[in-house]
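The values are calculated or read from the model by the stated rules, or taken from the named source; none is laboratory data. Since the structure is predicted, the reported quantities are computational estimates derived from the model, not experimental observations. Here Cβ is always computed from backbone atoms with ideal geometry, including for glycine, and neighbour counts include all displayed protein chains. Ligands, DNA and RNA are excluded from the accessible area calculation, which covers all protein heavy atoms including side chains. Shrake-Rupley method; radii C 1.70, N 1.55, O 1.52, S 1.80 Å.
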Amino acid sequence: MITKLKYFKNNNLFRKMITNTSWLLFEKILRLGVSFIITVWVARYLGPTMFGKLSYVQAVVGIVQAIAPLGLIGLVVREVVQSPEKKQEILGTTFNIRLFSGLLSYITVCVVFYFFDKDRVELVYLIGLLIILQSFDTIKLYFESTIRSKYTVLATTIAFLISSVLKVVFILLELPLIAFAWSIAIELTLASGLLIIFLSREVHITSFLSFNWNRAKNLLAMSWPLILSSMASIIYIKVDQIMLQHFIGDNAVGQYSMAAKLSEVWYFVPTAIVASFFPSMINLKRNDNKLYLTRLQNVLDLLFSMAMGLAILVSIFSGFVTNQILGPSYNEAGLILSIHIWTGIFVFMRALLSKWLINEGLLKFSLISHLSGAIINVALNFVIIPIYGGVGAAVATISSYAVSTYIVCYFSKKTKLMGDLMSKTFLLPIRLLLKIFKKRDDR
């Protein structure tokens, strides 16, 4: 045991991995805390109508942004691991594809807004730059492949903090809505510029721009399921805000958007828990399937308990929380939050389901589940939003997550096992009561 500990202490690769993970965790925690405070401050300053206008543009850009990378990110990581000697060719080809796709998508969105929604076109010009500039995220993959994510963390964090300071200054100077779109554009441009600077210190920048047509064709041929999956996933996350604006207006989008942000701030928790538990569970599947299933049930129970406790607590105090944090102008956000927070039950369990699907080699099911969720969300929003507004959108969100996470598990024999485990989890309160009564009887 001592020998193993000494090995890991002296192992450079192990130390690099720990350092790399620490940088990523630092960025996530810092961004989460600062972003929440700044977003609330901006929302209070702008009010629900102007904040809704900003959120609507961000939702549209978010959908296009999810489609523009053409599902290449996950594939590229795998290709680099399998062919490290061709890393620059792979990354260069990916960058060029994403840049071209981003430019085409950006121009399309700008043209559509110019002809059909001129009131928001200036916001789209600025915030839409994300569609192009995200191609520079390919540089992040280079640093990830060399286990030096500190450079990407430095680039994005510096840009994020400068953007946050700008937003505070804009609030104090009482500048209009367009100023906050500028702060977003500045953050994106600065982060991309810093990534290029850090990359240029490592390799000659022109070598990163290499393009191989055969490589591009192979990547695109493999990526289409991932494109559809990304599209479906982002649709049922963002489409509610777009449909709210269409049926009700910007004020409704602002109310719903802030309620959703308060509800979703906890979504990093299940990801962290599953990331900690699942690596050891992969080995269990090979060596002890019975114990593997028990551990799956234990983690599901834990995630369900945390989400349920959070949902009950937030539902009780939602009105007080939104009034204190956002102010009286967000008078509808409290009720929306009290409903939307229950989505967390399925989101928490989805974190484990996603890992389980990868471990079982059922990636196609991920696409089916996302598509099912997107269809249900759009259909329900179309029916409910005109009647109930943001409250209806929250109900549609819960329903779509319930379908995509739980109900679709019964669509296939291969995934029924996970559906049964979730069903058992929903009966956790009854199981605990039965356990208590059994202990009393034993006494």
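Select from Q255, Q134, Q297 the residue whose mean-square fluctuation is largest in a Gaussian network model of the chain (Cα-Cα springs shorter than 10 Å).
Ranking Q255, Q134, Q297 by mean-square fluctuation puts Q297 first.
Positive end of the dipole of the chain, charges at C-beta (+1 Lys, Arg; -1 Asp, Glu), about the Cα centre: which of V111, I316, M258 has its Cα farthest in that direction?
Farthest towards the positive end: I316.
With all protein chains present, calculate the accessible area of R44 using a 1.4 Å probe and round the result to the nearest 10 Å².
Using a 1.4 Å probe on the heavy atoms, I get roughly 120 Å².
For the pair L209 and V165, what calculated FRET efficiency results from E = 1/(1 + (r/R0)^6), where r is the Cβ-Cβ distance and R0 = 30 Å, to the nearest 0.05?
Details: r = 33 Å, r/R0 = 1.10.
Efficiency at R0 = 30 Å is approximately 0.35.
Within the chain, what's the longest run with no GluC sites (Glu not before Pro) in a DSSP loop and at most 15 other beta-carbon atoms within 10 Å? Give the range, please. List each step's numbers first, then the result.
Details: sites that count: E174, E202, E360.
Value returned for the longest uninterrupted segment is 1-173.
Using 0.36 nm per residue, how much length does the chain from I436 to I312 gain when fully extended, once their Cα-Cα distance is taken away?
Numbers: separation 124, 0.36 × 124 = 44.64 nm, distance 2.27 nm.
This chain segment gains 42.4 nm when fully extended.
Can you spot the aspartates and glutamates whose alpha carbon is less than 20 Å from K28's alpha carbon? Ignore those fewer than 8 places along the same chain.
Within the straight-line limit of under 20 Å, K28 reaches these aspartates and glutamates: D137, E144, E187, E264.
What nm distance separates the two modelled labels at K285 and E264, each placed 7 Å from Cα along Cα→Cβ?
2.8 nm
Magnitude of the Cβ-charge dipole of the stretch 345-443, K/R +1 and D/E -1, about the Cα centre, nearest 20 debye? Intermediate values should be presented prior to the final figure.
Details: 13 positive and 4 negative charges, 102 e Å.
Dipole size: approximately 500 debye.
Report, in listed order, any pair from K238/K261; K150/K355; K217/K355 with a Cα-Cα distance greater than 22 Å. Could the numbers behind the result be given before it?
On the way: K238/K261 12 Å; K150/K355 26 Å; K217/K355 29 Å.
Long pairs (Cα-Cα over 22 Å): K150/K355; K217/K355.
Where is the GNM fluctuation largest for the chain (alpha-carbon springs, 10 angstrom cutoff): K217, K28, K167?
K217
Once you've got the GNM for the chain with C-alpha springs shorter than 10 Å, pick whichever of A393, A259, A402 has the biggest mean-square fluctuation.
A402
On alpha-carbon atoms, Rg over Rh for the chain using Kirkwood Rh?
Details: Rg = 23.2 Å, Rh = 23.8 Å.
We get a ratio of 0.98 for the chain.
Nearest 500 deg cm²/dmol is fine: what mean residue ellipticity at 222 nm does the chain get from its DSSP H runs of n ≥ 4 alone, each adding -39,500 (n - 2.57), divided by its residue count? Display every interim value, and only then the final one.
On the way: 18 runs with 378 residues, N = 443.
Mean residue ellipticity, 222 nm, calculated: -29500 deg cm²/dmol.
Tell me the carbon and sulfur percent of the accessible area for the chain, rounded to whole percent, probe radius 1.4 Å.
On the way: 15190 of 22380 Å².
Heavy-atom surface of the chain belonging to carbon and sulfur, 1.4 Å probe: 68 percent.
What distance in nm lies between label points placed 7 Å from Cα along the C-beta direction at Y388 and S423?
Distance between the two pseudo-spin positions: 2.6 nm.
Under a point-charge model restricted to the Cβ atoms of Lys and Arg (+1) and Asp and Glu (-1), what is the dipole moment magnitude of the chain relative to its Cα centre, in debye to the nearest 20? The partial results should precede the final answer.
Numbers: 41 positive and 22 negative charges, 408 e Å.
The dipole of the chain has a size of about 1960 debye.
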